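The values are calculated or read from the model by the stated rules, or taken from the named source; none is laboratory data. Owing to the predicted nature of the structure, the values given are computational and were not obtained by experimental measurement. Cβ placement follows ideal geometry from the backbone for every residue including glycine, while neighbour counts extend to all protein chains displayed.
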């Protein structure tokens with residue numbers, strides 16, 4: 001039986017370099033956020049092959065990893081555990097100072113359960129960095145209008161699922177986006193589980209976003225005409241921010257654990 005390896009035994013050597021399961025711009029944004037933190041104990045879930053974990057280790061963090069399929073993890077000397085974000089994670093309460101969850105929530109049936117678990121295993125005042133596909137940017141709103149779906153959440157037809165299964169086999173969860181979670185749903189779940197949103201980030205601006213400027217101006221004009229109380233209740237400022245309305249393919253949210261579940 002293989003024993004867990006720990007951070008003090010770490011070498012970043014691997015038989016095959018870990019493949020990134022997210023765009024480089026997302027990792028760059030995440031690293032830019034965490035480099036402002038004091039180094040501490042960090043959970044990366046889902047870890048995939050370990051591409052982000054390798055960079056977090058180089059930044060000095062005590063990185064622990066978790067994934068539904070730990071057999072695909074390629075870093076040596078790093079604690080990797082099997083865990084399902086839709087269930088209970090294999091860690092004690094208040095185990096971590098930081099959690100990164102990149103390219104994860106959209107792949108599971110119950111994102112709120114994952115966030116509840118993040119709150120459980122994260123220390124009070126701990127930081128969570130989580131990403132979701134940005135289905136609320138102006139380009140994706142038009143795609144929804146004309147097609148009935150967005151770039152990241154196309155219909156999961158039998159043909160599409162069959163194609164994904166032929167490529168990923170029984171690890172089909174890696175390929176499928178099954179939960180079209182947007183900022184509003186994410187923020188509700190975060191606040192319900194004791195988090196406060198600290199800041200929003202985009203991976204990178206879309207190159208042709210200027211084509212939508214007239215519609216963006218109209219959306220913001222209508223928003224500004226909305227009564228202040230309704231704007232606060234409906235998170236209008238955030239939903240019309242550059243990070244969301246003019247954002248790229250991915251929205252990255254930095255949240256801080258403030259208290260108990262509400």
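What the table below lists for this structure:
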| quantity | calculated |
| --- | --- |
| Residue 148 vs. criteria under 22 Å from residue 101 (Cβ atoms) and at pLDDT 95 or above | no |
| Test: residue in region 79-88 that is within 19 Å of residue 34 (Cβ to Cβ), surrounded by fewer than 23 Cβ atoms within 10 Å (Cβ to Cβ) and at pLDDT 95 or above | yes |
| Odd one out for residue 230 among (1) out of contact with any helix residue (DSSP H, G or I) (no Cβ under 6 Å at 6 or more places or on another chain); (2) outside any loop (DSSP other than H, G, I, E, B); (3) under 22 Å from residue 48 (Cα atoms) | (3) |
| Sole exception among (1) in a helix (DSSP H, G or I); (2) buried (at least 18 other Cβ atoms within 10 Å of the Cβ); (3) touching a strand residue (DSSP E or B) at 6+ places or on another chain (Cβ under 8 Å) for residue 144, by number | (2) |
| Qualifying residue in region 57-71 (condition: under 22 Å from residue 23 (Cα atoms), free of Cβ contacts under 8 Å to residues at least 60 places away in the same chain, surrounded by fewer than 19 Cβ atoms within 10 Å (Cβ to Cβ) and in contact with a strand residue (DSSP E or B) (Cβ under 6 Å, 6 or more places away or on another chain)) | yes |
| Unique residue being in contact (Cβ under 8 Å) with a residue 60 or more places away in the chain, in a loop (DSSP other than H, G, I, E, B) and surrounded by fewer than 20 Cβ atoms within 10 Å (Cβ to Cβ) when the list is 92, 103, 109 | 109 |
| Region 162-186 - residue that is in contact with a helix residue (DSSP H, G or I) (Cβ under 8 Å, 6 or more places away or on another chain) and without any contact (Cβ under 8 Å) to a residue 60 or more places away in the chain and, of those, nearest to residue 132 (Cα to Cα) | 184 |
| Qualifying residue in region 223-236 (condition: in contact (Cβ under 8 Å) with a residue 12 or more places away in the chain and closer than 28 Å to residue 99 by Cβ) | yes |
| Criterion violated by residue 49 - all others in (1) more than 19 Å from residue 177 (Cα to Cα); (2) assigned to a loop (DSSP other than H, G, I, E, B); (3) touching a helix residue (DSSP H, G or I) at 6+ places or on another chain (Cβ under 9 Å) satisfied | (1) |
| Residue ID - surrounded by the most Cβ atoms within 10 Å (Cβ to Cβ), chosen from residues in region 204-227 that are modelled with pLDDT of 95 or more and assigned to a loop (DSSP other than H, G, I, E, B) | 226 |
| Those residues of region 18-33 which are in contact with a helix residue (DSSP H, G or I) (Cβ under 8 Å, 6 or more places away or on another chain) and either buried (at least 23 other Cβ atoms within 10 Å of the Cβ) or assigned to a loop (DSSP other than H, G, I, E, B) (or both), in sequence order | 18, 19, 20, 21, 22, 30 |
| Condition met for residue 220 (in contact with a strand residue (DSSP E or B) (Cβ under 9 Å, 6 or more places away or on another chain) and under 15 Å from residue 240 (Cα atoms)) | no |
| Every residue from region 47-56 that is without any contact (Cβ under 8 Å) to a residue 40 or more places away in the chain and either surrounded by 23 or more Cβ atoms within 10 Å (Cβ to Cβ) or at positive phi (or both) | 47, 50, 53 |
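So that you can scan it fast, the table gives a plain yes or no per residue for (1) touching a helix residue (DSSP H, G or I) at 6+ places or on another chain (Cβ under 7 Å); (2) farther than 24 Å from residue 82 by Cβ:
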position	(1), (2)
112	yes, no
117	no, no
138	yes, yes
147	no, yes
156	no, yes
160	no, yes
196	no, yes
